[in-house]
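The values are calculated or read from the model by the stated rules, or taken from the named source; none is laboratory data. Since the structure is predicted, the reported quantities are computational estimates derived from the model, not experimental observations. As a convention, Cβ positions derive from the backbone with ideal geometry for all residues, glycine included, and neighbour counts pool all protein chains shown. Ligands, DNA and RNA are excluded from the accessible area calculation, which covers all protein heavy atoms including side chains. Shrake-Rupley method; radii C 1.70, N 1.55, O 1.52, S 1.80 Å.
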Amino acid sequence: MTTPPPYPPIADHGLIGDLQTAALVSSDGTVDWFCSPRFDSPSVFASLLDRQRGGFCRIRPAGHTEPGRQLYFPDSAVLITRFMTGEGTGEVVDFMPPLPDEAATERHRIVRIVRCVRGRMTFELDVAPRFDYGRRTHRALITDDGAVFECGGFGLAVHAVREPGDPRLVSGHVTGAQDLHATLSLVEGQTRGVVLETGVPGPPRAVPAARARELFEATVRFWHGWLAQSTYRGRWREAVDRSAITLKLLTHEPSGALVAAPTAGLPEQLGGERNWDYRYTWVRDASFAVSSLLRLGFTSEAVAFGRWLTDRCEEGGPLRVMYAVDGSADLTEEVLDHLEGYRGSSPVRAGNGAAGQLQLDIHGEFLDSVHAAHLAGVRISHRGWYAVVEQLEWLMQNWDQPEEGIWETRSGRADFTYGRVMSWVAFDRAIRVATAEGRPGPVERWRSARDRIYGQVWERGWDRKTGAFVQRYGSSALDASLLRLPQVGFVSPRDPVWLDALDAMEPLVRDSLVLRYDTEAAPDGLRGSEGTFSLCTFNHVTALALSGRAAEARLVFEKMLTYGNHLGLFAEEIALTGEQLGNFPQAFTHLALVDAALTLDAELTRRG
């Protein structure tokens, strides 16, 4: 096998996708993460988790080991990686033609256009797939028009972008490890490249450069047309637009579901065990997405997410924490012990055992999204409403019991304050929608449950001595999830009690960055510690803005934007060194960025 480069920083990547799956491309021109045919399918390229066994596709100037410089083609998900050498300047243009109106398919394309824009350059191409997380062998065959990798019933075709009369992939050959190595020698103005395609039978075919250009232009048109729907014209438009595009890239269009991240196994702590699979749809994340996208004007996406959520509700029984994008709930967790993990961070897990946890807050987030849709003029269906009533009947019997909580702790169940608050939200929003729309339901029973929860939280979840809301009943530990209390209306953001509680959160703040909780004060059943949680930092911005501390909120927000990568993308956590950690990019963080930007922008505008 061709020797892969060392592990790049997690943040050293751009994201491309076609609305059914996605790929990560590092600044050295390597596709080192790609699963097909879905986000949560076994990997084709996974050298991000194991440089030797994972597989990759790399295009870079021959003999050049330095990373290139990346940017997105403006207002799109087309990624450009630029390389500059003494002989010339070249570009690798990566994108996946979007599939906005297609049913779920096994056919997915990664287009890699290679251009010489100045002088002359020779590029090296290495295609080294490792199917099924590197657990299956394959056979490679090279032809005049490309190459094909066969692995049982699954395969990968490499179509050459070439003109009639071009040499056969120049000096391409199959290595002993059944990988493809080739060189492309270009002069100024020439365009070549490859199209990687899964799910197609038959031999590879030549793709004329003009056809590759057409695919590029069609992809740019799609993203420009989609982003034009945004109604946001505020101070941080570039960051908000990039977050919106990222959220769209994490959407499985056939189902309307939003995955938490396109990756699995990226560590929250280097060398630690906090390595989870995020390629699934959390009810919590999808609910936040409905509200955030409605605020940006992306109504059709919000409706699709809402429909997916309602479908899960209509299946009967209590909502589960997460699902696969197709709505299935069997997310059995397994350890891929043949993979070493990113920079030795093991175990690498596929599937997610937290799917079977009890997390009471998801009911509140779901009902909050139903209420947000109602305020935007989007009404829940007749069947959907009766499913809501059934869910609330279950919650009526179960809200006052221990749970695992929003952070999916593995130290046993507890009475988490945030879970109780969001149960309050569930009943409160149901009452509001039923009253406004004349929907049937036991409103008085809901009101009674809502008021009982409200009293209990103030009695057991608020520490009168310290003025803080605590993570769990009977504990003095703090928890950044409670920064959302004024945002959901549980307490007024200008109430003196809340202002004291906000100040009491300071022990979780590290130079504007915010921890979820202190693992020493609140053990979570896992070894090691973690970095600051980017979602919580953006939630802190929102809380500060709502509480009348707009100038402070703005400074925190501007500081936080400096922790994004060179493309404006965020992983879930930030280490003390400023390095991004955890799965990347994370939808939850970008949703919180959008909410923080919109809330802060409105407050600054109001204050003139």
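For the reader, a short list of remarks on this structure follows.
- Taking (1) open to solvent by less than 10 Å² (accessible area, probe 1.4 Å); (2) in a strand (DSSP E or B); (3) touching a Ser or Thr at 6+ places or on another chain (Cβ under 8 Å) in turn, Val127 satisfies each apart from (3).
- Being under 18 Å from the mean Cα position of the chain (by Cα) and charged (D, E, K, R) holds for only one residue in Arg279, Arg295, Arg307, Arg312, and it is Arg279.
- Some residue of the stretch 504-521 being open to solvent by less than 40 Å² (accessible area, probe 1.4 Å), over 30 Å from Gly272 (Cα atoms), out of contact with any Phe, Trp or Tyr (no Cβ under 6 Å at 6 or more places or on another chain) and not in a helix (DSSP H, G or I): no
- Annotation note: Cβ proximity below 7 Å between a residue of the stretch 404-415 that is among the basic types (Lys, Arg) and a residue that is modelled with pLDDT of 90 or more and not in a loop (DSSP other than H, G, I, E, B) (sequence gap 6+ or interchain) occurs for Arg413/Glu403.
- Check on Arg192, touching a residue at least 60 places away in the same chain (Cβ under 8 Å), in contact with a helix residue (DSSP H, G or I) (Cβ under 8 Å, 6 or more places away or on another chain) and within 28 Å of Glu87 (Cα to Cα): yes
- In the condition set (1) open to solvent by 40 Å² or more (accessible area, probe 1.4 Å); (2) within 30 Å of Ser381 (Cβ to Cβ); (3) in contact (Cβ under 8 Å) with a residue 40 or more places away in the chain; (4) not in a loop (DSSP other than H, G, I, E, B), Glu444 is compliant with all but (3).
Condition check ((1) among the hydroxyl-bearing types (Ser, Thr, Tyr); (2) in contact with a Gly (Cβ under 6 Å, 6 or more places away or on another chain); (3) in contact (Cβ under 8 Å) with a residue 60 or more places away in the chain) across all residues:
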| residue | (1), (2), (3) |
| --- | --- |
| Val161 | no, yes, no |
| Gly172 | no, no, no |
| Gln178 | no, no, no |
| Ala182 | no, yes, no |
| Leu196 | no, no, yes |
| Arg237 | no, no, no |
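- Evaluation of Val457 against the conditions (1) touching a residue at least 24 places away in the same chain (Cβ under 8 Å); (2) open to solvent by 30 Å² or more (accessible area, probe 1.4 Å) shows that the sole unmet condition is (2).
- Taking each residue of the stretch 311-337 that is acidic (Asp, Glu) and looking for partners that are assigned to a loop (DSSP other than H, G, I, E, B) and crowded, with 18+ Cβ neighbours inside 10 Å with beta-carbon atoms closer than 7 Å, six or more apart or interchain, yields Asp326/Ser255; Glu333/Gly351; Glu333/Asn352; Glu334/Gly351.
- Selection from the stretch 453-472 of residues that are among the β-branched types (Val, Ile, Thr) and modelled with pLDDT under 95: Thr466
- Residues in the stretch 364-390 that are within 19 Å of Glu315 (Cα to Cα), in contact (Cβ under 8 Å) with a residue 24 or more places away in the chain, open to solvent by 10 Å² or more (accessible area, probe 1.4 Å) and outside any loop (DSSP other than H, G, I, E, B): Val370, Arg383, Val389, Glu390.
- Filtered residues of the stretch 318-342 (kept if under 15 Å from Ala46 (Cβ atoms) and either surrounded by fewer than 15 Cβ atoms within 10 Å (Cβ to Cβ) or touching a Ser or Thr at 6+ places or on another chain (Cβ under 8 Å) (or both)): Glu334, Val335, Asp337, His338, Leu339, Glu340
- Matching residues, the stretch 92-108, being surrounded by 19 or more Cβ atoms within 10 Å (Cβ to Cβ) and not hydrophobic (A, V, I, L, M, F, W, C): Asp94, Pro98, His108
- Trp424 modelled with pLDDT of 95 or more, part of a helix (DSSP H, G or I) and surrounded by fewer than 22 Cβ atoms within 10 Å (Cβ to Cβ): no
- Flag for Ala426 being aliphatic (A, V, I, L, M), over 30 Å from Phe533 (Cα atoms) and out of contact with any Pro (no Cβ under 6 Å at 6 or more places or on another chain): no
- Restricting attention to the stretch 528-555, the residues that are farther than 23 Å from Ala261 by Cα and either in a loop (DSSP other than H, G, I, E, B) or in contact with a helix residue (DSSP H, G or I) (Cβ under 8 Å, 6 or more places away or on another chain) (or both) total 11.
- Candidates in the stretch 210-255 are the residues that are among the aromatic types (Phe, Trp, Tyr) and in a loop (DSSP other than H, G, I, E, B); of these, the one that is surrounded by the fewest Cβ atoms within 10 Å (Cβ to Cβ) is Tyr232.
- Scanning the stretch 473-505 for residues that are modelled with pLDDT under 95 and either in contact with a strand residue (DSSP E or B) (Cβ under 7 Å, 6 or more places away or on another chain) or under 18 Å from Thr542 (Cβ atoms) (or both) turns up just one, Ser476.
- Filter result for Val594 (in a helix (DSSP H, G or I) and without any contact (Cβ under 8 Å) to a residue 60 or more places away in the chain): no
- Scanning the stretch 17-69 for residues that are in contact (Cβ under 8 Å) with a residue 24 or more places away in the chain, under 17 Å from the mean Cα position of the chain (by Cα) and open to solvent by 10 Å² or more (accessible area, probe 1.4 Å) returns Arg38, Asp40.
- Entry remark, the stretch 475-500: residues being acidic (Asp, Glu) and over 19 Å from Thr589 (Cβ atoms) number 2 in total.
- Applying the criterion of being among the aliphatic types (A, V, I, L, M) and at pLDDT below 95 to the residues of the stretch 522-569, the residue that is surrounded by the most Cβ atoms within 10 Å (Cβ to Cβ) is Ala522.
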